[in-house]
Structures are given as structure tokens and as C-alpha cells.
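Colleague: If you scroll down you'll find the structure; I have some questions about it.
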């Protein structure tokens with residue numbers, strides 16, 4: 001009986017190469033996860049700063065509306081160049097949040113159904129909110145206030 005020796009393919013080191021490839025693949029996945037989490041953190045911070053700036057600008061708009069609402073008579077124009085009746089600068093809201101606003105007179109018009117003594121005064125309000133050093137947002141709105149004239 002004759003035994004033939006079969007030649008086996010050379011498989012030495014196969015497990016080592018396979019395990020190194022798997023470790024490389026897992027390392028690449030880990031690096032991608034770290035990069036993605038860093039990007040998400042920066043994005044969420046930027047979104048937070050933007051939201052704070054929008055809320056600050058909205059606070060400025062609300063402050064201007066409050067000024068108009070509490071006025072007993074139409075506010076006097078303080079700057080005839082752009083018809084500004086009131087401006088407020090660098091008003092702090094919270095921590096690094098602040099706003100500016102300018103309220104400009106646009107026109108007056110009769111209020112339908114109220115008679116000739118009651119006039120609607122229209123105003124444009126431009127409010128800028130800031131948060132942190134980079135967050136800025138603007139809110140523009142139109143406000144009307146009914147005043148009685150001639151009494």
C-alpha cells in the first residue's frame with residue numbers, strides 16, 4: 001500500500017491576517033463614530049446659539065409692542081430721517097443674550113367703523129437679537145395701535 005502525501009495549501013498566518021483585517025475594520029468604524037459625534041455636538045451647539053438669538057430678537061419685538069401698547073398718546077418722532085419713535089440698544093436678556101430694536105412710524109389711517117376721531121397708527125419694528133459671540137437673528141414686524149385724536 002502506498003501512501004500519497006497530499007500537498008496542503010499553505011495556510012499558516014491565515015488567522016493572523018484575518019484578525020488584523022477585522023481589527024482594522026472595527027477601528028475605522030470607531031473613528032467614523034467619533035467624527036460623527038463631534039460633528040453632531042458642533043451642530044447642536046450652533047442650533048442652540050441660533051435659537052437663543054431668535055428668542056432674543058423676539059424679546060426685542062415684544063418690548064417694542066409693549067412700549068406701543070402702554071403709550072397713552074401716539075409716540076413723538078425722535079428721528080425724522082427714518083421716522084423713529086423709539087430705539088433701545090444693548091438690552092440684556094439673559095447671560096450673553098441681548099437685543100436692540102427700533103420702532104418707526106409708518107402712517108396713520110382711519111379705523112373703519114370707529115369714526116373720524118379714532119386712527120390706527122402703523123409702526124415697523126426691527127429687532128436684532130444676539131447670543132454668544134456669533135449668534136445673530138433679526139425679527140421684523142408691523143404693529144398697529146388705535147389712538148383717539150382731537151379730544
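What follows is calculated from the coordinates using simple rules that are stated; it is not laboratory data. If you're wondering where the values come from, they're calculated on a predicted model, not measured in any experiment. Here the Cβ is made from the backbone with ideal geometry for all residues, glycine too, and neighbour counts use every protein chain on show.
Colleague: Restricted to region 101-116, and to residues that are free of Cβ contacts under 8 Å to residues at least 24 places away in the same chain and in a strand (DSSP E or B), which residue is farthest from residue 42 (Cα to Cα)?
Modeller: Restricting to residues being free of Cβ contacts under 8 Å to residues at least 24 places away in the same chain and in a strand (DSSP E or B), the top hit is 110.
Listed here are the residues, each with its yes/no results for (1) surrounded by 11 or more Cβ atoms within 10 Å (Cβ to Cβ); (2) without any contact (Cβ under 8 Å) to a residue 24 or more places away in the chain.
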residue	(1), (2)
18	no, yes
30	no, yes
42	no, yes
45	yes, yes
52	yes, no
69	no, no
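Colleague: Scan region 117-151 residue by residue and report those that are without any contact (Cβ under 8 Å) to a residue 24 or more places away in the chain and either touching a helix residue (DSSP H, G or I) at 6+ places or on another chain (Cβ under 6 Å) or surrounded by fewer than 14 Cβ atoms within 10 Å (Cβ to Cβ) (or both).
Modeller: Once the filter is applied, which keeps residues that are without any contact (Cβ under 8 Å) to a residue 24 or more places away in the chain and either touching a helix residue (DSSP H, G or I) at 6+ places or on another chain (Cβ under 6 Å) or surrounded by fewer than 14 Cβ atoms within 10 Å (Cβ to Cβ) (or both), region 117-151 yields only 140.
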